[in-house]
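Report on the structure given below.
Laboratory data are not the source of any read-out in this text; all were calculated from the coordinates shown. For clarity, every value in this text was computed on a predicted model and none was experimentally measured. Note: ideal-geometry Cβ built from the backbone for every residue, glycine included; neighbour counts use all protein chains shown.
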Amino acid sequence: MNDDSKKWIYLILLSLVWGSSFILIKKALLGLSPMQLGGLRIVFASLVLFIFGFRSLLTIGRKDLKWIISAGLLSSFFPPFLFALAQTEIDSGVTSIFNSVVPLLTTVVGIAAFGAVITKRQILGVFIGLAGTVALVAAGMEFKPDRNYAYAIFILLSALGYAININIIKKYLSHLSPLAVTTGSFGVAFLPALILVGFSGFFSEFEGNFEMHTALYYLLALAVIGTSIANIFFNKLIHLSSPVFAASVTYIIPLVAVLWAVWDGETMNGYQLLGGLIILVGVWLVNRKKKNRLLPEEMDKLR
């Protein structure tokens, strides 16, 4: 299987896994506080990664440390807390929609800070995808005017962190394996997350708390599958493709998340579905390659 086929497989798998993460966060918040959820998510994901990826840490050189630390803070430490906090006020489907700004921010950060070359078609695709996101958000705000959408700033901050992280991995850490980058990033986040869990009151509240027990099952699925394994896949996707293609996973995530949200009783309407279709158009434009005509010598190689 060639790299082009592999990157689409990773894109679909990640869309399904991360699209399901928002409903898992919602369910876990029924028994856990945002600090407990974010901290435990990092701790459990880190433990899984340490088991499988401990040896890969030996491949990380001294010159890589500052980039691993940056990636760990931007993508592994802050987002789990910020997303949990955001979903105390914003529905899971709408949260996933806000997260779709990652490709736009990835493009902007890539151009501004990393000297990335982006085609006009990709820029057009990103903005079309963003337009679809805006349509979905507007429809959500109409149906849930009582929600505090100021909490969306936490999602946008997470998205900015992801965008910077994608460009860091592509430019400075591409020589490392996806497992090494992921394990190293969570190694940075592990200790501060564990300290925050200790201060959150989780250990004193857990015994005899049935809601916490139930929430922990959702959290384990979120941490092991949706965080540790998915991050390895995501870093592999970055290695196989461009930063913009890797960030495009956030275009499809809302479609999966919205289906889960409808199943869980959240209100959705036709305008949101239309917005989802617009997002898919944006994905297609971002990733469509221009077909070049073969030169005569290239034709000879095919004969």
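Here are a few things to note about the model shown:
- Available extension along the chain between Val134 and Arg62 is 21.7 nm, counting 0.36 nm per residue and deducting the alpha carbon span.
- Remark: for residue pairs Lys27/Lys171; Lys26/Lys236; Lys66/Lys120; Lys120/Lys170; Lys7/Lys120, the C-alpha separation exceeds 25 Å in Lys27/Lys171; Lys26/Lys236; Lys66/Lys120.
- From the alpha carbon centroid of the stretch 216-255 to that of the stretch 148-214 is 13 Å.
- Test item: Cα-centred dipole of the stretch 3-289, Lys/Arg +1 and Asp/Glu -1 on Cβ, debye: 1240 debye
- Relative to the current alpha-carbon distance between Ile69 and Ser33, full extension at 0.36 nm per residue lengthens the span by 10.3 nm.
- Positive end of the dipole of the stretch 1-87 (Cβ unit charges, origin at the Cα centre): among Phe54, Leu13, Leu24, the Cα lying farthest that way belongs to Phe54.
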